[in-house]
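First up is the structure itself, then whatever we jot down about it.
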Amino acid sequence: QAALADRANREAEKARRSLAEFVRQAWRYVEPSPFVGGRHVDAICEHLEAVTRGEILRLLVTVPPRHSKSLIVSVLWPAWIWATRPEWRSLFVSHSSPLAVEHSRLCRQLVESVWYRTNFGGGWTLAGYQNAKVHYSTTKGGHRFSIGMTGGIMGHGGDLVCVDDPLTATESWSEAARSEAKRIVGVLPMRLNEPKTGRMV
(Lines give C-alpha, C1' and ligand atoms only; values in the text may rest on other atoms or scores of the structure.)
Protein backbone atom coordinates (compact mmCIF):
# COMPACT_ATOMS: atom_id res chain seq x y z
CA GLN A 1 0.00 0.00 0.00
CA ALA A 2 2.76 2.42 0.93
CA ALA A 3 4.69 1.54 -2.23
CA LEU A 4 1.65 2.27 -4.39
CA ALA A 5 1.11 5.61 -2.67
CA ASP A 6 4.77 6.50 -3.14
CA ARG A 7 4.60 5.65 -6.82
CA ALA A 8 1.44 7.74 -7.25
CA ASN A 9 3.14 10.68 -5.57
CA ARG A 10 6.15 10.39 -7.85
CA GLU A 11 3.92 10.26 -10.94
CA ALA A 12 1.98 13.30 -9.76
CA GLU A 13 5.20 15.24 -9.17
CA LYS A 14 6.43 14.38 -12.67
CA ALA A 15 3.12 15.66 -14.10
CA ARG A 16 3.32 18.82 -12.01
CA ARG A 17 6.78 19.59 -13.41
CA SER A 18 6.11 18.61 -17.03
CA LEU A 19 3.09 19.56 -19.13
CA ALA A 20 3.86 16.74 -21.57
CA GLU A 21 3.75 14.25 -18.70
CA PHE A 22 0.55 15.82 -17.39
CA VAL A 23 -1.02 15.46 -20.84
CA ARG A 24 -0.07 11.79 -20.92
CA GLN A 25 -1.52 11.10 -17.48
CA ALA A 26 -4.64 13.27 -17.76
CA TRP A 27 -5.63 12.20 -21.26
CA ARG A 28 -7.89 9.34 -20.13
CA TYR A 29 -10.02 11.70 -18.06
CA VAL A 30 -11.06 13.86 -21.02
CA GLU A 31 -10.70 11.66 -24.11
CA PRO A 32 -11.87 8.03 -24.58
CA SER A 33 -9.47 7.23 -27.42
CA PRO A 34 -5.92 6.16 -26.46
CA PHE A 35 -3.24 8.80 -26.11
CA VAL A 36 -0.79 8.92 -29.00
CA GLY A 37 2.21 11.10 -28.38
CA GLY A 38 4.67 12.54 -30.83
CA ARG A 39 7.25 15.23 -31.36
CA HIS A 40 4.53 17.76 -32.11
CA VAL A 41 2.92 17.11 -28.70
CA ASP A 42 6.25 17.59 -26.94
CA ALA A 43 6.92 20.78 -28.94
CA ILE A 44 3.50 22.25 -28.12
CA CYS A 45 3.92 21.44 -24.45
CA GLU A 46 7.45 22.85 -24.31
CA HIS A 47 6.29 26.14 -25.79
CA LEU A 48 3.23 26.35 -23.54
CA GLU A 49 5.46 25.84 -20.53
CA ALA A 50 7.54 28.82 -21.73
CA VAL A 51 4.34 30.86 -22.06
CA THR A 52 3.38 29.91 -18.50
CA ARG A 53 6.77 31.06 -17.21
CA GLY A 54 6.47 34.32 -19.12
CA GLU A 55 9.39 33.57 -21.41
CA ILE A 56 7.06 33.71 -24.43
CA LEU A 57 4.24 36.26 -24.43
CA ARG A 58 2.82 35.58 -27.91
CA LEU A 59 2.55 32.07 -29.33
CA LEU A 60 0.95 30.80 -32.53
CA VAL A 61 0.36 27.03 -32.75
CA THR A 62 -0.17 25.70 -36.27
CA VAL A 63 -0.58 21.97 -36.79
CA PRO A 64 -2.95 19.99 -39.05
CA PRO A 65 -6.44 19.11 -37.78
CA ARG A 66 -6.82 16.10 -35.46
CA HIS A 67 -3.37 16.51 -33.90
CA SER A 68 -4.72 17.26 -30.38
CA LYS A 69 -3.95 20.98 -30.48
CA SER A 70 -7.27 22.07 -28.95
CA LEU A 71 -7.32 19.35 -26.32
CA ILE A 72 -3.80 20.21 -25.18
CA VAL A 73 -4.07 24.01 -25.35
CA SER A 74 -7.68 24.66 -24.32
CA VAL A 75 -8.41 21.75 -21.97
CA LEU A 76 -5.29 20.21 -20.44
CA TRP A 77 -2.97 23.21 -20.25
CA PRO A 78 -5.21 25.46 -18.09
CA ALA A 79 -5.78 22.55 -15.70
CA TRP A 80 -2.02 22.00 -15.50
CA ILE A 81 -1.45 25.69 -14.71
CA TRP A 82 -3.96 25.53 -11.86
CA ALA A 83 -2.04 22.59 -10.35
CA THR A 84 0.55 25.11 -9.15
CA ARG A 85 -1.08 28.50 -9.82
CA PRO A 86 -4.79 28.34 -8.95
CA GLU A 87 -4.93 32.15 -9.02
CA TRP A 88 -4.34 32.12 -12.81
CA ARG A 89 -7.08 33.83 -14.87
CA SER A 90 -7.75 33.03 -18.51
CA LEU A 91 -10.10 33.92 -21.36
CA PHE A 92 -10.64 31.32 -24.10
CA VAL A 93 -12.24 32.29 -27.40
CA SER A 94 -13.35 29.86 -30.14
CA HIS A 95 -15.11 30.28 -33.48
CA SER A 96 -18.42 29.17 -31.98
CA SER A 97 -20.04 29.07 -28.55
CA PRO A 98 -20.67 25.27 -28.66
CA LEU A 99 -16.95 24.61 -29.19
CA ALA A 100 -16.00 27.03 -26.41
CA VAL A 101 -18.50 25.36 -24.09
CA GLU A 102 -17.21 21.87 -24.90
CA HIS A 103 -13.59 22.78 -24.16
CA SER A 104 -14.63 24.51 -20.96
CA ARG A 105 -16.75 21.53 -19.88
CA LEU A 106 -13.90 19.10 -20.43
CA CYS A 107 -11.47 21.24 -18.45
CA ARG A 108 -13.91 21.48 -15.56
CA GLN A 109 -14.54 17.73 -15.78
CA LEU A 110 -10.81 17.19 -15.37
CA VAL A 111 -10.24 19.54 -12.42
CA GLU A 112 -13.23 18.00 -10.63
CA SER A 113 -12.04 14.41 -11.21
CA VAL A 114 -10.90 12.34 -8.23
CA TRP A 115 -7.50 11.89 -9.90
CA TYR A 116 -6.94 15.63 -10.22
CA ARG A 117 -8.33 16.54 -6.80
CA THR A 118 -6.15 13.88 -5.15
CA ASN A 119 -2.93 14.89 -6.87
CA PHE A 120 -3.19 18.58 -7.72
CA GLY A 121 -6.09 20.16 -5.87
CA GLY A 122 -4.47 20.83 -2.53
CA GLY A 123 -5.69 24.02 -0.90
CA TRP A 124 -8.37 25.02 -3.39
CA THR A 125 -11.59 23.94 -5.10
CA LEU A 126 -13.89 25.42 -7.70
CA ALA A 127 -15.84 28.23 -6.09
CA GLY A 128 -19.52 27.53 -5.53
CA TYR A 129 -20.50 31.12 -6.32
CA GLN A 130 -19.12 30.86 -9.89
CA ASN A 131 -19.22 27.38 -11.37
CA ALA A 132 -21.02 27.49 -14.72
CA LYS A 133 -20.06 25.61 -17.88
CA VAL A 134 -18.45 28.62 -19.53
CA HIS A 135 -17.25 30.50 -16.47
CA TYR A 136 -15.88 29.02 -13.28
CA SER A 137 -13.53 30.26 -10.60
CA THR A 138 -11.15 28.78 -8.05
CA THR A 139 -11.29 29.61 -4.38
CA LYS A 140 -7.84 31.16 -4.89
CA GLY A 141 -9.17 33.82 -7.25
CA GLY A 142 -8.42 32.23 -10.60
CA HIS A 143 -10.99 31.79 -13.34
CA ARG A 144 -11.54 30.32 -16.79
CA PHE A 145 -14.01 32.13 -19.05
CA SER A 146 -14.98 30.79 -22.49
CA ILE A 147 -16.89 32.49 -25.29
CA GLY A 148 -17.52 32.33 -29.03
CA MET A 149 -15.98 34.88 -31.37
CA THR A 150 -19.27 36.76 -31.75
CA GLY A 151 -20.38 36.37 -28.14
CA GLY A 152 -19.08 39.69 -26.89
CA ILE A 153 -15.84 39.83 -24.92
CA MET A 154 -16.22 43.22 -23.23
CA GLY A 155 -15.88 42.99 -19.48
CA HIS A 156 -13.89 39.76 -19.60
CA GLY A 157 -10.17 39.18 -19.55
CA GLY A 158 -7.30 37.42 -17.85
CA ASP A 159 -3.60 36.80 -17.47
CA LEU A 160 -3.95 34.75 -20.66
CA VAL A 161 -6.11 35.22 -23.75
CA CYS A 162 -6.28 32.14 -25.97
CA VAL A 163 -7.94 32.06 -29.39
CA ASP A 164 -8.57 28.49 -30.51
CA ASP A 165 -9.66 28.24 -34.16
CA PRO A 166 -11.17 31.70 -34.75
CA LEU A 167 -12.70 30.52 -38.05
CA THR A 168 -14.39 27.35 -39.24
CA ALA A 169 -13.01 25.69 -42.36
CA THR A 170 -15.89 27.17 -44.39
CA GLU A 171 -15.48 30.67 -42.94
CA SER A 172 -11.79 30.69 -43.82
CA TRP A 173 -12.78 31.07 -47.48
CA SER A 174 -14.81 34.20 -46.76
CA GLU A 175 -13.01 37.53 -46.92
CA ALA A 176 -15.71 39.11 -44.75
CA ALA A 177 -15.37 36.40 -42.09
CA ARG A 178 -11.59 36.70 -42.12
CA SER A 179 -11.80 40.48 -41.74
CA GLU A 180 -14.19 40.17 -38.81
CA ALA A 181 -11.99 37.58 -37.09
CA LYS A 182 -8.98 39.84 -37.60
CA ARG A 183 -10.87 42.76 -36.06
CA ILE A 184 -11.88 40.75 -32.99
CA VAL A 185 -8.42 39.28 -32.48
CA GLY A 186 -6.99 42.77 -32.85
CA VAL A 187 -8.82 44.03 -29.76
CA LEU A 188 -8.06 40.99 -27.59
CA PRO A 189 -4.76 42.39 -26.23
CA MET A 190 -6.89 44.99 -24.44
CA ARG A 191 -8.49 42.15 -22.46
CA LEU A 192 -5.19 41.23 -20.79
CA ASN A 193 -4.94 42.07 -17.09
CA GLU A 194 -1.33 43.21 -17.54
CA PRO A 195 -0.61 44.39 -21.11
CA LYS A 196 3.17 44.17 -20.69
CA THR A 197 3.27 40.66 -19.22
CA GLY A 198 -0.03 39.12 -20.34
CA ARG A 199 0.10 36.11 -22.63
CA MET A 200 -1.73 35.49 -25.90
CA VAL A 201 -1.92 32.10 -27.63
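Give the number of residues within region 1-24 that are within 16 Å of the chain's Cα centre (by Cα) and over 18 Å from Ser90 (Cβ atoms).
Residues meeting the conditions: 6.
Within region 114-124, identify whether any single residue is surrounded by fewer than 19 Cβ atoms within 10 Å (Cβ to Cβ), within 30 Å of Lys196 (Cβ to Cβ) and aromatic (Phe, Trp, Tyr), and answer yes or no.
The answer is yes; a qualifying residue exists.
If I ask for residues that are touching a strand residue (DSSP E or B) at 6+ places or on another chain (Cβ under 8 Å), of a type outside the set (Gly, Ala, Ser) and in contact (Cβ under 8 Å) with a residue 24 or more places away in the chain, which ones from region 99-132 would you list? Explain how you work it out, then say what you get.
Kept after step one, since they are touching a strand residue (DSSP E or B) at 6+ places or on another chain (Cβ under 8 Å), are these residues of region 99-132: 99-101, 103-104, 107-108, 111-112, 124-127, 129-131.
If we keep only those that are of a type outside the set (Gly, Ala, Ser) too, we end up with 99, 101, 103, 107-108, 111-112, 124-126, 129-131.
Correct list: Leu99, Val101, His103, Cys107, Arg108, Val111, Trp124.
Can you name the residue in region 189-201 that is outside any strand (DSSP E or B) and basic (Lys, Arg) and is also nearest to Ser74 (Cα to Cα) among such residues?
As a first pass, look at region 189-201 and keep what is outside any strand (DSSP E or B): 189-191, 193-198, 201.
Then drop every residue that is not basic (Lys, Arg), which leaves 191, 196.
Numbers: Arg191: 18, Lys196: 23 Å.
Among residues in region 189-201 that are outside any strand (DSSP E or B) and basic (Lys, Arg), the one nearest to Ser74 (Cα to Cα) is Arg191.
In region 127-146, what count of residues is obtained for those that are surrounded by fewer than 20 Cβ atoms within 10 Å (Cβ to Cβ), within 17 Å of the chain's Cα centre (by Cα) and either farther than 24 Å from Leu192 by Cα or of a type in the set (A, V, I, L, M, F, W, C) (or both)?
Within region 127-146, residues that are surrounded by fewer than 20 Cβ atoms within 10 Å (Cβ to Cβ), within 17 Å of the chain's Cα centre (by Cα) and either farther than 24 Å from Leu192 by Cα or of a type in the set (A, V, I, L, M, F, W, C) (or both) number 2.
Has region 84-98 got at least one residue that is touching a Lys or Arg at 6+ places or on another chain (Cβ under 9 Å), of a type in the set (S, T, N, Q), open to solvent by less than 70 Å² (accessible area, probe 1.4 Å) and touching a residue at least 40 places away in the same chain (Cβ under 8 Å)?
yes
Taking Thr125 and the conditions (1) at pLDDT 90 or above; (2) β-branched (Val, Ile, Thr); (3) touching an Asp or Glu at 6+ places or on another chain (Cβ under 9 Å); (4) within 24 Å of Thr62 (Cβ to Cβ), which numbered condition does it fall short on, given that it satisfies the others?
Against the list (1) at pLDDT 90 or above; (2) β-branched (Val, Ile, Thr); (3) touching an Asp or Glu at 6+ places or on another chain (Cβ under 9 Å); (4) within 24 Å of Thr62 (Cβ to Cβ), Thr125 comes up short only on (4).
Residue-by-condition table, conditions (1) of a type in the set (A, V, I, L, M, F, W, C); (2) open to solvent by 50 Å² or more (accessible area, probe 1.4 Å):
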position	(1), (2)
Ala3	yes, yes
Asp6	no, yes
Arg24	no, yes
Trp27	yes, no
Val41	yes, no
Glu46	no, yes
Gly54	no, no
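For region 153-201, how many residues meet the condition of being on the phi > 0 side of the Ramachandran plot and surrounded by fewer than 17 Cβ atoms within 10 Å (Cβ to Cβ)?
1
Based on what the data block shows, is Arg66 over 21 Å from Trp115 (Cβ atoms) and free of Cβ contacts under 8 Å to residues at least 40 places away in the same chain? Show your work before the answer.
Working: over 21 Å from Trp115 (Cβ atoms): yes; free of Cβ contacts under 8 Å to residues at least 40 places away in the same chain: yes.
Yes.
Right, Glu13: assigned to a helix (DSSP H, G or I), of a type outside the set (A, V, I, L, M) and out of contact with any helix residue (DSSP H, G or I) (no Cβ under 6 Å at 6 or more places or on another chain) or not?
Criteria met by Glu13.
The values are calculated or read from the model by the stated rules, or taken from the named source; none is laboratory data. Just so you know, these numbers come straight off a predicted model, no measurement behind them. Here the Cβ is made from the backbone with ideal geometry for all residues, glycine too, and neighbour counts use every protein chain on show. Just so you know, the surface numbers come from the protein's heavy atoms only, side chains and all, with ligands and any DNA or RNA stripped out. Shrake-Rupley method; radii C 1.70, N 1.55, O 1.52, S 1.80 Å.
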